[in-house]
Amino acid sequence: QVQVEESGGGLVQAGGSLRLFCEASGSIFSIISMSWYRQAPGKQRELIGTITSDGTINYKDVMKGRSIIFRENAKNTVYLQMNNLRPDDTAVYYCNARKFQSVYWGKGTLVTVSS
């Protein structure tokens, strides 16, 4: 089993920046990739980007150019740096870890961007 916990959410003004944290614990050996998603009220969950075990990062269009995903292996943590935030970035941000055929989700962290 892998446990995933997000943190770092909060209230930020439009144009501001925020860094989210995703820590994996438990049986983290052989995690293939970790991904960031978000889900705005009334909308489907959407993929922001993925970092694989070899360090390859793939960004989707949803926050491309305004987000950076990076990791710190010593802390088993993946980060989502978000810049130039807009009110429509308001959402619950989730992290998951993929290991073999299983995907482990965190409970999410709320980001609210005020205008």
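The values are calculated or read from the model by the stated rules, or taken from the named source; none is laboratory data. None of the values given here were measured: they were computed from a predicted structure. Virtual Cβ from ideal backbone geometry, glycine too; neighbours counted across all protein chains shown. In case anyone asks, the SASA skips ligands and DNA or RNA and just uses the protein heavy atoms, side chains included. Shrake-Rupley method; radii C 1.70, N 1.55, O 1.52, S 1.80 Å.
Observations
- Selection of segment 71-83 for residues being closer than 19 Å to Val111 by Cα and open to solvent by 20 Å² or more (accessible area, probe 1.4 Å) yields Gln81, Asn83.
- Members of segment 36-48 found to be on the phi > 0 side of the Ramachandran plot and surrounded by 20 or more Cβ atoms within 10 Å (Cβ to Cβ), listed by number: none
- Condition check for Leu18 on (1) open to solvent by 50 Å² or more (accessible area, probe 1.4 Å); (2) farther than 17 Å from Asn73 by Cβ; (3) touching a Gly at 6+ places or on another chain (Cβ under 8 Å): one failure, at (1).
- Screening Ser25, Ser17 for residues that are closer than 17 Å to Arg98 by Cβ and hydroxyl-bearing (Ser, Thr, Tyr) leaves exactly one candidate, Ser25.
- Selection of segment 49-70 for residues being outside any loop (DSSP other than H, G, I, E, B) and either open to solvent by 20 Å² or more (accessible area, probe 1.4 Å) or hydrophobic (A, V, I, L, M, F, W, C) (or both) yields Thr50, Ile51, Thr52, Ile57, Asn58, Tyr59, Asp61, Val62, Met63, Ile68, Ile69, Phe70.
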